[in-house]
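Working notes, structure below.
The values are calculated or read from the model by the stated rules, or taken from the named source; none is laboratory data. In this text, all values refer to a predicted model and were calculated from it rather than measured experimentally. Reconstructed Cβ throughout: ideal geometry from the backbone, glycine too, with neighbour counts over all protein chains shown. All accessible areas refer to the heavy atoms of the entire protein, side chains included, with ligands and DNA or RNA removed. Shrake-Rupley method; radii C 1.70, N 1.55, O 1.52, S 1.80 Å.
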Amino acid sequence: MRIGIDLGGTKIEVVALEEGGQVIFRHRIPTPRDDYDKTLRAIASLVEAAEQATGRQGSVGIGIPGTLSPYTQRVKNANSVWLNGQAIDKDLTALLRRPVRIANDANCLAVSEATDGAAAGAQTVFAVIIGTGCGAGLAFNGRAHAGGNGIAGEWGHNPLPWQDEDEQRHAREVPCYCGKPGCIETFVSGTGFTGDYSRLGGPRSTGAEIMQRVAAGDALAGLALSRYELRLAKSLAQVINILDPDVVVLGGGMSNVDRLYDTIPPLIKRWTFGGECETPVRKAVHGDSSGVRGAAWLWPD
């Protein structure tokens, strides 16, 4: 049995998987925000609950909203800031009295979809989370790839490529929380989408509300979505020019905009070297559960 934990900013979820990937237990609890010790105990309680419910012991994999530094062996780049600087793998290994494996949550998405999802069996998978923020992860042959600095796939904190004048102005006016201007995250996250709609003159709205207006034929909402699609396509084309993955998988709230899977692939061709690109762009099969499943699959056969 494999146990996966998805450590999010607002909730912690656990799943237990059979060898074939069937979910035999699932539960979630609120995250004890700003309290590292309580977060550790919450994770341990979920592992215990999974094992009590199934009557079996399992391996434990954990997806976190950051990464482990290969130099300090401590968490860095976590937007759940109380995790930063902590040796979470060592602390949980001691608490659970067994080894644990930890990966960035976007890498867990890539592993999940490469194992039994939208990219099952693909050699190189680039998986994107486009929600409140924007991140990405890599899986090679079904294994998470963190890189020598632990930041492989940190696509959202590169500048939007091929910026036009309007995008250059946006880059100056809307700095990313990381402190650098023009980050992809500020354009193609869900927050970037709703912010751009407001800058075009639309009322303050959620992404779902804007999409309802798109469906109703609202011109301003349609313009905001078209601009979003072009920016996402440029950003993915840059990855394809460098990595040329076998499959691109989209997760997070914006991945539920179904028309993206028709509009994005032809737009990508405009920006790939040579103009040829048949890389499939697919929606994550396991949806919001993909990250926690990927954490369980950090322990392969």
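Looking across the stretch 197-215 at every residue that is over 21 Å from R169 (Cα atoms) and among the aliphatic types (A, V, I, L, M), the one that is most open to solvent (accessible area, probe 1.4 Å) is identified as A215.
For the stretch 163-192, the tally of residues that are in contact with a strand residue (DSSP E or B) (Cβ under 7 Å, 6 or more places away or on another chain) and either surrounded by fewer than 13 Cβ atoms within 10 Å (Cβ to Cβ) or on the phi > 0 side of the Ramachandran plot (or both) stands at 1. Look at I88 and say whether it is within 30 Å of V281 (Cα to Cα), modelled with pLDDT of 95 or more and not acidic (D, E). Considered against the rule, which asks whether it is within 30 Å of V281 (Cα to Cα), modelled with pLDDT of 95 or more and not acidic (D, E), I88 comes out as no. For G4, the conditions (1) open to solvent by less than 50 Å² (accessible area, probe 1.4 Å); (2) touching a residue at least 24 places away in the same chain (Cβ under 8 Å); (3) of a type outside the set (A, V, I, L, M, F, W, C); (4) part of a loop (DSSP other than H, G, I, E, B) all hold with the exception of (4).
Any chance the stretch 216-233 includes a residue that's at pLDDT 95 or above, charged (D, E, K, R), open to solvent by less than 40 Å² (accessible area, probe 1.4 Å) and within 25 Å of N158 (Cα to Cα)? Yes; the residues of the stretch 216-233 include at least one that is at pLDDT 95 or above, charged (D, E, K, R), open to solvent by less than 40 Å² (accessible area, probe 1.4 Å) and within 25 Å of N158 (Cα to Cα). Of the residues making up the stretch 1-34, those that are hydroxyl-bearing (S, T, Y) and in contact with a helix residue (DSSP H, G or I) (Cβ under 9 Å, 6 or more places away or on another chain) number 1. Against the numbered list (1) touching a His at 6+ places or on another chain (Cβ under 9 Å); (2) open to solvent by less than 20 Å² (accessible area, probe 1.4 Å), A53 comes up short only at (2). A single member of G195, G201, G252 is assigned by the TED database to the domain that holds A127, on the phi > 0 side of the Ramachandran plot and at pLDDT 95 or above, and it is G201.
Being among the hydroxyl-bearing types (S, T, Y), closer than 23 Å to L250 by Cβ and not assigned by the TED database to the domain that holds W155 is true of T67.
Matching residues to (1) assigned to a strand (DSSP E or B); (2) open to solvent by 60 Å² or more (accessible area, probe 1.4 Å); (3) under 23 Å from E185 (Cβ atoms):
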site: I24; (1), (2), (3): yes, yes, no
site: A42; (1), (2), (3): no, no, no
site: A94; (1), (2), (3): no, yes, no
site: R101; (1), (2), (3): yes, yes, no
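Taking the criterion of being at negative phi and free of Cβ contacts under 8 Å to residues at least 24 places away in the same chain, the only residue of the stretch 121-151 that qualifies is F140.
Matching residues to (1) more than 15 Å from L92 (Cβ to Cβ); (2) without any contact (Cβ under 8 Å) to a residue 24 or more places away in the chain; (3) assigned by the TED database to the domain that holds N79:
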{"position": "R28", "(1), (2), (3)": "yes, yes, yes"}
{"position": "Y36", "(1), (2), (3)": "no, no, yes"}
{"position": "L40", "(1), (2), (3)": "no, no, yes"}
{"position": "S45", "(1), (2), (3)": "no, yes, yes"}
{"position": "E48", "(1), (2), (3)": "no, yes, yes"}
{"position": "A53", "(1), (2), (3)": "yes, no, yes"}
{"position": "G63", "(1), (2), (3)": "no, no, yes"}
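Selection within the stretch 241-258: residues that are of a type in the set (V, I, T) and out of contact with any strand residue (DSSP E or B) (no Cβ under 8 Å at 6 or more places or on another chain). The member of this set that is surrounded by the most Cβ atoms within 10 Å (Cβ to Cβ) is V257.
Of all residues in the stretch 57-86, those satisfying the criterion of being assigned to a strand (DSSP E or B), out of contact with any Cys (no Cβ under 8 Å at 6 or more places or on another chain) and under 13 Å from A103 (Cβ atoms) are V60, I62, I64, T67, L68, V75.
Restricting attention to the stretch 259-285, the residues that are open to solvent by 80 Å² or more (accessible area, probe 1.4 Å), of a type outside the set (F, W, Y), over 18 Å from the mean Cα position of the chain (by Cα) and closer than 16 Å to D244 by Cα total 3.
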